[in-house]
Amino acid sequence: MPNKKLERFIRKKGLYVAMAFIVGGLIGIPILFWFASVIIIGIGTIFILFFCSGMLCLLQWKYVKNHIDMAYNHFAMFAFFGFGTCLVNFILLLNYTIRVHSYSETYSIMREGYYNEIVIAGDAQYIELERNLSTYLSDHPDEAVSLSNKITITFDTGLFGFDMISDCKSN
């Protein structure tokens, strides 16, 4: 009997549950931008996380279609925009709160950028690091880095392997 009640609730209220996830997606986008400013993660990695989480939700369609009054195209929008945004934010939240490893690396400073950000000498792989370093230094003005030759950055690695800057010192 309780199973039938749950099925009736999902059939009648399922659209509202999906809309709640989509509203969560709308709220989740600014949160996602904040996570991208404190976690060193590339845009491509975020798109891969969105795609994988959306596909994970779409794989459930054959099990859910008989229990919810929703067309497949609406479910696809829910899967990628609502469920995907919420799941990616949840993954990044776990990565941000559960830190499993800490390490330090020293980088050479090439120059100061256009908006007082520090440009690190190296390949294009440092773009996310430079963006997060600028955010870290603007949030911690007492730890301003002089433009000496080297900078030592201490990283914390989160649960899912994404790094965050925890300290920054001039050498």
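The values are calculated or read from the model by the stated rules, or taken from the named source; none is laboratory data. These numbers come from a predicted model, not from an experiment. Quick reminder, even Gly has a Cβ in these numbers, built from the backbone with ideal geometry, and neighbours come from all protein chains shown. Just so you know, the surface numbers come from the protein's heavy atoms only, side chains and all, with ligands and any DNA or RNA stripped out. Shrake-Rupley method; radii C 1.70, N 1.55, O 1.52, S 1.80 Å.
A quick yes/no check of all residues on (1) over 18 Å from the mean Cα position of the chain (by Cα); (2) modelled with pLDDT of 80 or more; (3) open to solvent by 80 Å² or more (accessible area, probe 1.4 Å); (4) closer than 21 Å to ILE31 by Cβ:
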{"residue": "LEU93", "(1), (2), (3), (4)": "no, yes, no, yes"}
{"residue": "ILE98", "(1), (2), (3), (4)": "no, yes, no, yes"}
{"residue": "GLU105", "(1), (2), (3), (4)": "yes, yes, no, no"}
{"residue": "MET110", "(1), (2), (3), (4)": "yes, no, yes, no"}
{"residue": "ALA124", "(1), (2), (3), (4)": "yes, no, no, no"}
{"residue": "GLU128", "(1), (2), (3), (4)": "no, yes, no, yes"}
{"residue": "SER148", "(1), (2), (3), (4)": "yes, no, no, no"}
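Output the qualifying pairs, or none if there are none: Cβ atoms under 8 angstrom, residues six or more apart or on different chains, first residue in segment 27-50 and hydroxyl-bearing (Ser, Thr, Tyr), second residue open to solvent by less than 20 Å² (accessible area, probe 1.4 Å).
These pairs meet every condition: SER37/ASN132.
Out of segment 70-91, which residues are at pLDDT below 90 and open to solvent by less than 50 Å² (accessible area, probe 1.4 Å)?
The answer is MET70, ALA71, PHE75, ALA76, PHE78, ALA79, GLY82, PHE83, GLY84, THR85, CYS86.
Quick one: would you say ILE48 is at pLDDT 90 or above and open to solvent by 70 Å² or more (accessible area, probe 1.4 Å)?
Judged against the criteria, ILE48 is a match.
Pick from segment 59-69 the residues that are surrounded by fewer than 18 Cβ atoms within 10 Å (Cβ to Cβ) and in contact with a helix residue (DSSP H, G or I) (Cβ under 7 Å, 6 or more places away or on another chain): which of them is modelled with the highest pLDDT?
Top of the filtered list is TRP61.
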